[in-house]
Amino acid sequence: ADLAEGGKSGVQGTPAFFINGRLLAGAYPFEEFKKVIDEELSGKAAASVTRATVTVGNAPTKGAKGASITLVEYSDFQCPFCSRAYPTVQQILKEYDGKVLFAYKHFPLSQIHPNAQKSAEAAECARDQGKFWEFHDKLFEDQQNWANTPQT
């Protein structure tokens, strides 16, 4: 469902972020996110800004419920660019504590990442056990050790 929703919203690769519906596609540095988040918080975003309708739905979330900023990430656990974006997301959550609700949505690029689908499924199993974020963090922190292992 996340793949279909992301595709309809303009996601073509990973990572893809929506900040209050504004698409930021790629593993940008914190400063790029800061510009958009600060614009959104100040209410000074240009009226011409394109926004997609992206809902949190039943995605796992972290941060403040009812926050001014909703950050939705479409990601692939095996994607090296998603791994590079992981510390940036952690920094956003720390520096904008109480102002950001972060939602993670699966967008496994199985055609180029053979372990992406299985890692997404495993993350959902971890979620069923109340351990989604611990598993999410471990997958990104240890990606170099598992991502290129042949699927069994």
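Things to note:
- Separation of alpha-carbon centers, region 61-115 and region 40-55, rounded to whole Å: 19
- Inter-site label distance for residue 81 and residue 39 at 7 Å from Cα along Cβ, in nm: 2.0
- In region 95-136, the trypsin sites (Lys or Arg not before Pro) that fall in loop regions by DSSP, at most 14 other Cβ within 10 Å: 131
- Rounded accessible area per residue of the chain, 1.4 Å, Å²: 53
- Shown in residue order for region 92-104 are the 3J(HN,Hα) couplings computed by the Karplus curve 6.51 cos²θ - 1.76 cosθ + 1.60 at θ = phi - 60°: 4, 4, 6, 6, 10, 3, x, 10, 10, 10, 9, 10, 9 Hz (x for Gly and Pro).
- Whole-Hz ³J(HN,Hα) from phi, Karplus 6.51 cos²θ - 1.76 cosθ + 1.60, for region 25-41, glycine and proline x: 9, x, 8, 6, x, 3, 4, 5, 5, 4, 4, 5, 4, 5, 4, 5, 5
- The solvent-accessible area of residue 112, taken with every protein chain present and a 1.4 Å probe, is close to 110 Å².
- Residues considered: 26, 98, 43. Largest GNM mean-square fluctuation over the chain, using C-alpha springs under 10 Å, is found at 43.
- Of all DSSP beta bridges in the chain, antiparallel share, percent nearest 5: 60
- Net charge of Cβ neighbours under 13 Å - reference residue 55; Lys, Arg +1; Asp, Glu -1: +1
- Around the amide H of residue 25, modelled in the peptide plane, lie the amide H atoms of 17, all under 5 Å away and 5 or more residues distant in sequence or on another chain.
- Most fluctuating residue given options 91, 117, 78, as computed from a GNM of the chain linking Cα atoms under 10 Å: 91
- Whole-Hz ³J(HN,Hα) from phi, Karplus 6.51 cos²θ - 1.76 cosθ + 1.60, for region 46-55, glycine and proline x: 4, 4, 7, 4, 7, 10, 9, 8, 10, 9
- Dipole magnitude for region 1-113: about 140 debye, using +1 per Lys or Arg Cβ and -1 per Asp or Glu Cβ, origin at the Cα centre.
- Carbon + sulfur, % of accessible area of region 68-152 - ligands and nucleic acids excluded, 1.4 Å: 50
The values are calculated or read from the model by the stated rules, or taken from the named source; none is laboratory data. The structure displayed is predicted, hence computed values, not measured ones. In this analysis, Cβ positions are derived from the backbone assuming ideal geometry, glycine residues included, and neighbour counts consider all displayed protein chains. SASA here: full protein model, heavy atoms, side chains in, ligands and nucleic acids out. Shrake-Rupley method; radii C 1.70, N 1.55, O 1.52, S 1.80 Å.
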